Amino acid sequence: MKTKIFFPALVLMLSATCINANASTVKSNMKETVAGMTDEQKQARIETMKNRVQEIKDMNKSELSRADRKEMRTEMKDMNKEAKEIGHGGIYLTLGGIIIIVLILILVL
């Protein structure tokens, strides 16, 4: 009785562990790839992604099969993540930072 329950539970736990381990490596690979790019390569990659997105928007999606639409959605999600990684950077001001800047300006002026 124990072996009938134990073996499927063991297989389920081990398969779930493998899936999670693979998911984390994909994200880190994207970060490493983007970090190794020069500015020109980033701009070229952004242009190719924009062209691909425009092609997808112009496509007649009603003729695609269910699997093709799903593949297109995952491609769009991956490009969105990559675009966020490429464009990641900038200046972020929190509410506390804005209040401090305003107080300093009031004191100076």
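Where a number appears in this text, it was derived from the coordinates with a stated rule and is not lab data. Everything numeric in this text was worked out from a predicted model, so none of it was measured. Glycine gets a Cβ as well: all are built from the backbone with ideal geometry, and neighbour counts include every protein chain shown.
Structure values in brief
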| read-out | value |
| --- | --- |
| In nm, spacing of pseudo-spin labels at residue 5 and residue 38 (7 Å Cα→C-beta vector) | 6.3 |
| Packing-based order for 76-83, 91-98, using average beta carbon neighbours within 10 Å, highest first | 76-83, 91-98 |
